[in-house]
Structures are given as C-alpha cells and as structure tokens.
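Heads up, the thing below is written out as structure tokens.
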C-alpha cells in the first residue's frame, strides 16, 4: 500500500504540455485534476479559484501570463514549470505579486519529470533541480556527435494506485514538500 493517502479537497491543475506528469501526480495522490483545452490566463485563473487549486504544473509562458494579471489566485501555493529557463523576474514576481513559489523541473514528453528544484522557489531561476528520489539521470555525450541522446522511461506502465512506481512517489514527494508559509503545496487548508 502506498504511503500517499488520497486527501480530501486537493486539486492539481495543468495544461497540455505537462498533462502527462500532472495526470500521473494526480492519480498517485488521488486528487482531482483540472485541465484546460485552450490557454487563456483569465479562464485559467477562474478554474484555479473555482476548484481551490493549490498546485499548478505548466510551461513558463503560462506562469508569465498569470504574473502579468497581477492578481492572487485563491489558494494556489506552488507553480511547477518545465520547458525553458525561468527568468528570475518571473520567479520574484510570482512570489511578490501572486504569493506563490515556483519550482523548476526537467523531463521529456516520453518520461515525465525526472528532476525538480525545491518548491520554495530558491533555485527555480538557476537550475532544473536534482534527480527525484528513486530516480536516476545520466547525461551521455559521444565525441563528435552533435545531438542529445536520451532513453525512454515509462514508470506509469508498472504503477498502480496501491503501488505507484518509486519515481512517481519521488515526484509527488518533491513537489509536496513544504512551500512558502509552511503549507504543503497540495494541502486543502490555509
């Protein structure tokens, strides 16, 4: 049996570029998942507030859109992002204008997130973080070879609700560590 019990009232919203990771995270935690079919910052903010979302995983441009609105987003505490460098000004504006922390992550469509920074936002603008617990990251370079080499890893294929793959547990643990204000980013309370 997993040590991750499904808490009441927790919501993990996301969008298409991170839907795989967020879907697996929501399934692993047993929480509702809110997805958008087309990104509109106003609609996303409305969904976050209506659903009491505390965590969002989406690409940096979407975080930038929410920061540009400049309005707090209900109970949202953590915005995890991947896909590009996160400008320091966006990380600071998310903290000061929206009251949320930013965590950076790295992964590929084929393998979900395999690294993450601490959810306190302290390194999100300078790093993609460390390998998740129970995971392994290797950088392979061949002399004279101009392209990135990668491997396909599908932990969801051997996971179940009662026995999630250790990498999925690691992702959930990394992203549910203490966020600003001492609150868990996926908690239902203040």
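Quick notes on this structure:
- Leading residue by the ranking (farthest from residue 127 (Cα to Cα)) among those in segment 35-62 that are within 12 Å of the chain's Cα centre (by Cα) and buried (at least 19 other Cβ atoms within 10 Å of the Cβ): 54
- Filter result (more than 20 Å from residue 43 (Cα to Cα) and in contact (Cβ under 8 Å) with a residue 12 or more places away in the chain) within segment 69-89: 82, 83, 84, 85, 86, 87, 88
- Residue match in segment 5-13 (condition: at pLDDT 80 or above and loosely packed, with under 15 Cβ neighbours inside 10 Å): no
- Among the residues of segment 161-186, those that are part of a loop (DSSP other than H, G, I, E, B) and either modelled with pLDDT under 65 or within 19 Å of residue 74 (Cα to Cα) (or both) comprise 176, 177, 178, 179, 183, 184, 185, 186.
- With respect to the conditions (1) surrounded by 14 or more Cβ atoms within 10 Å (Cβ to Cβ); (2) assigned to a loop (DSSP other than H, G, I, E, B); (3) within 18 Å of the chain's Cα centre (by Cα); (4) modelled with pLDDT under 75, residue 153 lacks only one, and its number is (3).
- When residues in segment 76-110 are screened for being within 15 Å of residue 58 (Cβ to Cβ) and loosely packed, with under 14 Cβ neighbours inside 10 Å, 2 of them pass.
The values are calculated or read from the model by the stated rules, or taken from the named source; none is laboratory data. All of these numbers come straight from a predicted model, not from anything done at the bench. Ideal geometry is used to build each Cβ from the backbone, glycine not excepted, and the neighbour counts take in all protein chains shown.
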